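See structure below.
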Amino acid sequence: MSILGHVEDTGDSMVTLRVRVRGGSSLDMRFQVDTGFNGAIGLSSQAIQALNLTEVGRSSYVMADGSKTRTATYDVDIEWLGAWRRVLAVGTGGGSLLGMQALYGHRLVVDAIPGGRLEITPLPAAPSESR
Amino acid sequence: MADTSNGHLTTDQVVDAGEKIYRECLRDRLEPTHNGECVVIEIQSGDYEVDAQELAALDRARARHPKGRFYLGRVGFPTLYRIGGGKLDPAR
């Protein structure tokens, strides 16, 4: 079993995942795979509005240029390899992102050409997640 | 601790309060033993939970304070997350 995506003409690696308000409604959303993001998922303002998410806390992240951004966090489920998986999401203010915390324990293969294939598959065994 | 009696708080207010509590009350207690773990601080009481798993820390904090206002940070680091390859400089 795997999660499939593709590379856009812009070079962005995209996957579509179903996101669910915990115990509530769900929507299919496009995520850019961002290996420079150490969280699980980031949600755009539009995604947060569309799901009518209620924040569970406030936090912050640092961008590549060193600037800090403050934002809300959300408790959501994503459909992952056929099952619902609970993750902590952060509002990005930009696009929706799939980060390394979600990819932990998986193999990510990208054919880095326009229209190229992206595939996420679980590794047979992975050590416990730690930072 | 933060006065949250007036209802809605902005993100800046919650983050400012959480960072202040961390800086003044928790940093010396948690660093370096818990470096890299997530800290969830309820900003009105100053109560906190630490766990390598963010949702585990959040669940315990919410169980203690069902109507709490929570700041999420990372012990030993200035922010919980980095995006776009930004370096998570340990200096806070």
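Just so you know, all these numbers are worked out from the coordinates, no wet-lab data involved. Everything quoted here is computed from the prediction, not taken from an experiment. Note that we place each Cβ from the backbone using ideal geometry, even for glycine, and neighbour counts take in every protein chain shown.
Sorting A:LYS68, B:LYS67 by the number of Cβ atoms found within 10 Å of their own Cβ, with the fewest placed first, yields B:LYS67, A:LYS68.
Taken along its three principal axes, the alpha carbon spread of segment A:16-86 comes to 36, 24, 19 Å, from the longest extent down to the shortest. The magnitude of the dipole of chain A, with charges of +1 and -1 set on the Cβ of Lys/Arg and Asp/Glu and taken from the Cα centre, is near 440 debye. A Förster radius of 35 Å combined with the Cβ-Cβ distance from A:ALA125 to A:SER25 puts the calculated FRET efficiency at roughly 0.50. Between the listed residues A:LEU98, A:VAL62, A:GLY24, the Cα displaced farthest toward the positive end of the dipole of chain A, a dipole computed from Cβ unit charges relative to the Cα centre, is found at A:GLY24. Fraction of C-alpha pairs exceeding 28 angstrom in chain A: 14 percent, rounded to a whole number. In this simple spin-label approximation, A:THR10 and B:ALA63 carry label points 7 Å from Cα along the Cα→Cβ vector, and these lie 4.2 nm apart.
Could you identify which residue out of A:SER25, A:SER60, A:SER13 has the top mean-square fluctuation in a GNM of chain A using Cα springs shorter than 10 Å? Among A:SER25, A:SER60, A:SER13, the largest GNM mean-square fluctuation belongs to A:SER25.
Ranked by the mean number of other Cβ atoms within 10 Å of their residues, highest first, the peptides B:69-77, A:44-52, B:28-36, A:97-105 come out as B:69-77, A:97-105, A:44-52, B:28-36. Once R0 is set to 35 Å, what does the formula 1/(1 + (r/R0)^6) return for the Cβ-Cβ distance between A:VAL109 and A:THR54, expressed as a FRET efficiency to the nearest 0.05? Rounded to the nearest 0.05, the efficiency is 0.45. For the protein assembly as shown, a simple Cβ point-charge model (Lys and Arg +1, Asp and Glu -1, everything else neutral) yields a dipole of about 300 debye relative to the Cα centre. Note on the protein assembly as shown: Rg/Rh from C-alpha atoms, Kirkwood Rh, equals 0.97.
As a rough footprinting exposure proxy, the listed residues A:MET1, A:MET29 were ranked by other beta carbons within 10 Å of their own, and the order from fewest upward is A:MET1, A:MET29. Computed over segment B:22-89, the range of Cα coordinates on each principal axis works out to 34, 26, 18 Å, biggest value leading.
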